[in-house]
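Every number here is computed from the coordinates shown, using simple stated rules; none is lab data. Just so you know, these numbers come straight off a predicted model, no measurement behind them. Here the Cβ positions follow ideal geometry from the backbone for every residue, glycine too, while neighbour counts run over all protein chains shown.
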Amino acid sequence: MTRRMQWIYAWLLLTPAMVMLFAFTHFPAITTIVNSFFSTPRGRRPARFVGLRNYEELIADPTFWKVLVNNLWYATATIPASIGISLLMAIWVNDKLKGRSLVRMSFFAPTVLPLIAVANIWLFFYTPGFGLIDQIRMGIFGLPENSWLGQQETVLICMMVVTIWKEAGFFMIFYLAALQAIPPSYKEAADIEGASRWVFFWKITWPLLMPTTLFVSINAIINSFRLVDHIFTMTGGGPDNASSLLLFYIYEVAFKFWQTSYAATLTVVMLAILSIIAIGQFFFMDRRVHYR
Amino acid sequence: MSDFSLPNPEPAARPRQIDFDRILNTFAAWTLAILWALPLLYAIWTAFHPAAYEANFELFAPLTLENFAKAWTAAPFAQYFLNTIVLVTIILIAQFVLCTLAAYAFARFEFPGSDILFTLVLLQLLVMPDILIVENYKTIRNLGLVDTIVAIGLPYMASGFGIFLLRQTFKTIPRELDEAARVEGAGPLLVLWKVYVPLAIPTYLAYGLVSVSHHWNNFLWPLIITNSVETRPVTVGLSVFAAVDGGVEWSVINAATLMTSGPLLIAFLLFQRQFVQSFMRAGIK
């Protein structure tokens, strides 16, 4: 095949996928940015250029700041927790444990459930007075009933618990794969040297797992901004936006209030956050991960 | 198990200490496993018992399927299931075709712009269609496809993840096989079909499992783009059903919840090993 033919063939093979990819990822990402500088078209009134007005509105919008801070807290709490738990799970499941397959099944099962179904299950736990948590509190400790999802102080924590429960088993899989790739001779050598399990973990296992930890972290960060399904069922973002996250707010602004330009502006913030993660990943990759 | 083939790494001199360590670990692992299983077990408990036993655990409480029957008749779940099955099938077929062609081009052809285009493909791993709901809704509206099943699938059909995964697999296939087929006069598409696709079947299986479970569970985009019974997938149907205030008992909602996740959960129990390996394979490369 001639070079020219190769090119044509390759481009023809790529065209269908690239057209779809551009149509639903790259093109909308660009129009999002463009639309954030325009007003929302209403009825006969077309969109007109408003410069930075949407961004001024954004900075002055207390709900935006609240939602952003919520999302950052949500990310900072759920990511290390689910990573820590998933690593622990993986180490246990990798061990010669009694009933290992049952344990593994229990850890992984939440991953298979739709987040919306998970939210339904947990909603019942949190129901004031009637839910399981309150039944235990009231029945055993004689405490008054508590509206876990109805209070600003507790609602976000409740959402975090759900997320960790859902995600840890998923991340466990990646750690499990990485653990199985560590040659057993390392462990044997460490045993001959008389190294304790603890030392072995921190000096050998943990550094070797660094690429996995990075991969899982990136996934966890993206998920903390991308997955908001449970909010719909559990709280609707309330009370007073205390459990709302950025993407949920974008949904509300766009499809409840129909302020599409302002929603585009919010999406630009989301894109900026994801870009920061990408850049961070790029530098972090170079520094920490190339261990061997 | 394979206890005999593995070298015993523990020094024989301190068996008591090691045993203690093992017991502690097993105990902790089991505690966490039970804690982790509780929510699901609890949902199963309420779904299979009359409403009176929602928070009343008696070992011999009467079992019933009535909650499932109630949920099934209270909302058009049959239609929702059909919609979801159609949806995941359409997406899977489209993804296989589009990603295979694109991955083949990236893996085995040299052409100007390949690096830039591949970077653009990888970009989708970060900027997923899930967050571009506003603009994608406009696109679908302009195409006149709002409230169709195809519209739910469209943004996901060209999957950057799928292209990446298949490209990596295709690159591991020896070029000699490829050349041998070409000598016999096969064109590039025939080579793809006869050589590459059959050798990549494990990757297709892994990717298929991940894709099906992902789109079975997807919620936000289908919620936005559908507004009738004829198009709603089970996830959206479930949220509509559970959102009807009052009247619906917890046990019935839990039955509906289990029903919607049931097929995946059962598939997972049956093919646990394959599931776990698929997710591993899909994530690691």
Working out 0.36 nm times the residue gap between residue A:182 and residue A:69, then minus their Cα-Cα distance, what length gain in nm do you get to one decimal? 36.8 nm
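How large is the convex hull of the C-alpha atoms of the stretch B:186-247 per residue, in Å³?
Details: hull volume 7.8 nm³, N = 62.
Given the Cα convex hull of the stretch B:186-247, per-residue volume reads 126 Å³.
I need the Kirkwood Rh of the protein assembly as shown: take the reciprocal of the average 1/r across all distinct C-alpha pairs and report it in angstrom. Kindly include the intermediate steps, with their values, before the conclusion.
On the way: mean 1/r = 0.0383 Å⁻¹.
Mean inverse Cα-Cα distance, inverted, gives 26.1 Å.
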Label-point gap, in nm, between residue A:240 and residue A:44 - each point 7 angstrom along Cα→Cβ: 4.3
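Taking the Cβ-Cβ separation of residue B:177 and residue B:122 as r and a Förster radius of 25 Å, what is the calculated FRET efficiency to the nearest 0.05?
Efficiency, rounded to the nearest 0.05: 0.40.
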Between residue A:38 and residues 5 or more places away or on another chain, which pairs have amide H atoms under 5 Å apart, with H built 1.01 Å from N, and which residues are they? A:50
Please list log₁₀ I(q)/I(0) at q = 0.14, 0.22, 0.26 Å⁻¹ for the stretch B:79-156, using the Debye equation with identical point scatterers on the alpha-carbon positions. -0.62, -1.12, -1.21
Could you give me the ³J(HN,Hα) list for the stretch B:180-192, computed from phi with Karplus coefficients 6.51, -1.76, 1.60 and θ = phi - 60°, whole Hz, x at Gly and Pro? 4, 5, 5, 4, 6, x, 7, x, x, 5, 5, 4, 4
Taking only the alpha carbons of the stretch B:166-208, what extent do you get along each of the three principal axes, in Å, biggest first? 32, 16, 12
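Take every Cα pair under 8 Å in chain B that's 6+ residues apart, average their separations, divide by the length, and report that relative contact order as a whole percent. Don't jump to the answer; show the numbers that get you there.
Working: 252 pairs, mean separation 82.5, N = 285.
The normalised contact order for chain B reaches 29 percent.
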Excluding residue B:188 itself, what net charge comes from residues whose Cβ is under 15 Å from its Cβ, given Lys and Arg +1 and Asp and Glu -1? +2
Show me, bin by bin at 5 Å from 0, the whole-percent P(r) of the stretch A:146-292 based on Cα pairs. 2, 8, 13, 14, 14, 13, 11, 9, 7, 5, 3, 1, 1, 0
Once phi is turned into ³J(HN,Hα) by the Karplus curve 6.51 cos²θ - 1.76 cosθ + 1.60 with θ = phi - 60°, what whole-Hz value does each residue of the stretch A:252-262 show in order, with x for glycine and proline? 4, 5, 7, 10, 10, 9, 6, 9, 5, 5, 5
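Rounded, prolate or oblate: pick one for chain B, where a ≥ b ≥ c are the square roots of the eigenvalues of its C-alpha gyration tensor, a/c under 1.5 means rounded, and failing that, prolate if a/b is larger than b/c, else oblate.
Cα axes put chain B in the oblate bin.
Excluding residue A:146 itself, what net charge comes from residues whose Cβ is under 14 Å from its Cβ, given Lys and Arg +1 and Asp and Glu -1? Show your work: numbers first, answer last.
Values: positive: A:137; negative: A:134, A:145, A:153.
Net of charged neighbours comes to -2.
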With no solvent term and unit scatterers on the alpha-carbon positions of chain A, Debye gives log₁₀ I(q)/I(0) at q = 0.07 Å⁻¹ of -0.40
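Using R₀ = 35 Å, calculate the FRET efficiency as 1/(1 + (r/R₀)^6) where r is the Cβ-Cβ separation of residue B:31 and residue B:201; round to 0.05. Walk me through the numbers on the way to the answer.
Values: r = 40 Å, r/R0 = 1.15.
For R0 = 35 Å, the calculated efficiency reads 0.30.
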Using the number of other C-beta atoms within 10 angstrom as an exposure proxy, rank A:98, B:138 with the fewest first. A:98, B:138
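What's the exposure ranking of B:269, B:38, going from fewest to most Cβ atoms within 10 Å? Working shown, then result.
Values: B:269 12, B:38 15.
Ranked by crowding around the Cβ, least crowded first: B:269, B:38.
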If we count chymotrypsin sites (Phe, Trp or Tyr not before Pro) as exposed when they sit in a DSSP loop and have at most 16 other beta carbons within 10 Å, what is the longest stretch of chain A that avoids them all? A:1-129
Set the bar at 25 Å for Cα to Cα. Now go through B:171/B:194; A:66/B:138; A:166/B:171; A:203/B:171 and name every pair that lies beyond it. A:66/B:138; A:166/B:171; A:203/B:171
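Per residue, how big is the convex hull around the C-alpha atoms of the stretch B:115-251? Give it to me in cubic angstrom, could you? If you can, show how the numbers build up before the last one.
Working: hull volume 23.2 nm³, N = 137.
Each residue corresponds to 170 Å³ of Cα convex hull volume.
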When a footprinting reagent is the concern and you count Cβ atoms within 10 Å, what order do A:147, A:243, B:228 take, fewest first? B:228, A:147, A:243
For the stretch A:164-205, alpha-carbon Rg and Dmax in angstrom: 13.1, 39
Between the stretch A:219-273 and the stretch A:1-74, what's the alpha-carbon centroid distance in Å? 16
Return, for the Cα atoms of the stretch A:1-122, the radius of gyration and Dmax in Å, separated by a comma. 24.7, 70
Radius of gyration and maximum dimension Dmax of the stretch A:83-222, Cα, Å: 19.2, 57
Could you check the simple spin-label distance between residue A:59 and residue A:12, using points 7 Å along Cα→Cβ, in nm with one decimal? 5.4
Stokes-Einstein diffusion coefficient for the stretch A:1-48 at 25 °C in a medium of 0.890 mPa s, Rh from the Kirkwood formula over Cα pairs: what value in µm²/s? 181
